[in-house]
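Presented below is the structure to which this report refers.
What follows draws every value from the coordinates through simple rules; no lab data is involved. It should be emphasised that the depicted structure is a prediction, and the values quoted were computed from it without experimental measurement. Cβ placement follows ideal geometry from the backbone for every residue including glycine, while neighbour counts extend to all protein chains displayed.
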Amino acid sequence: MSNRTFTMIKPDATSKGYTGAILDQIIKAGYSVKAMKWIKLSEEQAGLFYDIHRERPFFGELVQFMSSGPIVAAILEKDNAVADFRTLIGATNPAQAAEGTIRKNFAASIGENAVHGSDSDENAAIEGDFFFSKLERF
Ligand code: ATP
Ligand code: MG
């Protein structure tokens with residue numbers, strides 16, 4: 001379990017045509033794809049995914065944004081997958097993200113920040129289960 005994480009390429013990045021470049025950076029960093037889908041969330045589904053943030057002031061904005069266009073959801077495998085992926089994507093706010101990180105390269109703002117990465121092994125499993133059945137992962 002500790003060698004898997006979950007990601008989404010968010011609607012800002014898919015709409016700007018960054019999907020291929022972001023996937024390329026992820027794969028070049030050593031991740032292999034265990035499940036993947038191109039999908040558009042409803043507001044309700046986006047709210048359920050980010051339920052932990054329901055009381056935060058940006059929750060409404062987050063749900064609107066995450067349901068505004070298609071996303072790519074994926075389960076990724078590599079040694080130390082969760083922590084290394086957080087390093088690969090960079091800080092939540094792209095203005096504070098390190099040089100060469102996915103958010104530095106492709107994100108515009110703290111809200112529209114190109115990618116999601118799970119923050120723990122437990123959440124990686126929960127988030128993967130949110131999107132993928134057993135038949136859809138390999
Ligand atoms: P993610 O969970 O998407 O990988 P993260 O773990 O870096 O991002 P969280 O604190 O979990 O950051 O916030 C979830 C998402 O909510 C952020 O990625 C961003 O899209 C949005 N968000 C967080 N803080 C703000 C904010 N201050 N204003 C607007 N949107 C925000
Ligand atoms: Mg988070």
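Quick check on my filter: what residues within segment 1-30 are hydroxyl-bearing (Ser, Thr, Tyr), in contact (Cβ under 8 Å) with a residue 60 or more places away in the chain and within 17 Å of residue 69 (Cβ to Cβ)?
Filtering segment 1-30 for residues hydroxyl-bearing (Ser, Thr, Tyr) gives 2, 5, 7, 14-15, 18-19.
Add one more test, that the residue is in contact (Cβ under 8 Å) with a residue 60 or more places away in the chain, and what stays is 2, 5, 7, 18.
Within segment 1-30, 7, 18 meet the criteria.
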For segment 88-101, how many residues are surrounded by 20 or more Cβ atoms within 10 Å (Cβ to Cβ), outside any loop (DSSP other than H, G, I, E, B) and within 11 Å of ligand 1 (Cβ to nearest atom)? 2
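Would you confirm whether or not segment 64-72 contains a residue that is under 16 Å from residue 11 (Cβ atoms), part of a loop (DSSP other than H, G, I, E, B), within 16 Å of ligand 2 (Cβ to nearest atom) and more than 14 Å from the chain's Cα centre (by Cα)? Walk me through it before giving the result.
Our first condition is that a residue be under 16 Å from residue 11 (Cβ atoms); within segment 64-72, this holds for 64-72.
Filter once more, keeping what is part of a loop (DSSP other than H, G, I, E, B): 67-70.
From the residues that got through so far, the ones that are within 16 Å of ligand 2 (Cβ to nearest atom) too are none.
Checked against the condition, which is being under 16 Å from residue 11 (Cβ atoms), part of a loop (DSSP other than H, G, I, E, B), within 16 Å of ligand 2 (Cβ to nearest atom) and more than 14 Å from the chain's Cα centre (by Cα), segment 64-72 yields no hits at all.
Out of the residues in segment 75-84 meeting the condition of being within 13 Å of residue 127 (Cβ to Cβ) and within 16 Å of ligand 2 (Cβ to nearest atom), tell me which one is farthest from the chain's Cα centre (by Cα).
Taking segment 75-84 as the starting set, the residues that turn out to be within 13 Å of residue 127 (Cβ to Cβ) are 75-76, 81-82.
Now narrow it down to the ones that are within 16 Å of ligand 2 (Cβ to nearest atom): 76, 81-82.
Working: 76: 11, 81: 13, 82: 11 Å.
Residue satisfying both the conditions and the ranking: 81.
Only one of these is closer than 27 Å to residue 28 by Cβ, within 12 Å of ligand 1 (Cβ to nearest atom) and either part of a helix (DSSP H, G or I) or free of Cβ contacts under 8 Å to residues at least 24 places away in the same chain (or both): 108, 83, 124. Name it.
Working: 108 fails: either part of a helix (DSSP H, G or I) or free of Cβ contacts under 8 Å to residues at least 24 places away in the same chain (or both); 83 fails: within 12 Å of ligand 1 (Cβ to nearest atom).
Only one candidate passes the filter, namely 124.
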Of all residues being more than 13 Å from the chain's Cα centre (by Cα) and aliphatic (A, V, I, L, M) in segment 42-59, which is surrounded by the most Cβ atoms within 10 Å (Cβ to Cβ)? Just the residue, please. 48
